[in-house]
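The values are calculated or read from the model by the stated rules, or taken from the named source; none is laboratory data. Bear in mind the structure is a predicted one, so any value in this text is a computation, not a measurement. Note: ideal-geometry Cβ built from the backbone for every residue, glycine included; neighbour counts use all protein chains shown. The accessibility values were calculated without ligands, DNA or RNA, using every heavy atom of the protein model including side chains. Shrake-Rupley method; radii C 1.70, N 1.55, O 1.52, S 1.80 Å.
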Amino acid sequence: MRITIEADYAIRIIDCLANVDGRLCAKTLSERTGVSLRFALKILRKLCIADLVRSYQGLQGGYELKRKPEEISLKDVIEAIDGPIKIS
């Protein structure tokens, strides 16, 4: 099975958020994962829509996981980015 670069980056972002207590801003996530800020923001938007990540605005804003890390599967992350997995 091959996954897209975008799904790979999403996995990195989820992993980073899972290993932090609290919120991280998009810039910090970008630096820690090696994903460009612009691409990280695009991925974070998709992860928020999929109810995997929660975003906060303002001075104390940032991103955090919406569920416990053990409740998020690799399938959840890949489908949030690439859509449903289809096996032929």
**Q.** the chain: angle of helix 37-49 to the longest principal axis, Cα-based, in degrees nearest 10
**A.** 70 degrees
Q.
In Å, what Kirkwood hydrodynamic radius results for the chain from the alpha-carbon pair distances?
A. 13.0 Å
Q. For Ala18 and Lys42, what is the calculated FRET efficiency with R₀ set at 25 Å and r taken between the beta-carbons, to the nearest 0.05?
A. 0.80
Q) With Cβ to Cβ distances under 15 Å as the rule, what net charge do the other residues near Asp51 carry (K, R +1; D, E -1)? A) +3
Q) Which net charge results for the neighbourhood of Ser30, defined as the other residues with beta-carbon distances under 13 angstrom from its beta-carbon, given Lys and Arg at +1 and Asp and Glu at -1? A) +4
Q) Of the heavy-atom accessible surface of the chain (probe 1.4 angstrom), what whole percent is carbon and sulfur? A) 50 percent
Q: Return one whole number: the accessible area per residue of the range 10-88 in Å², for a 1.4 Å probe.
A: 65 Å²
Q: Taking 7 Å along the Cα-to-C-beta vector as the label spot, tell me the Ser55-Glu79 distance in nanometres, rounded to one decimal.
A: 2.3 nm
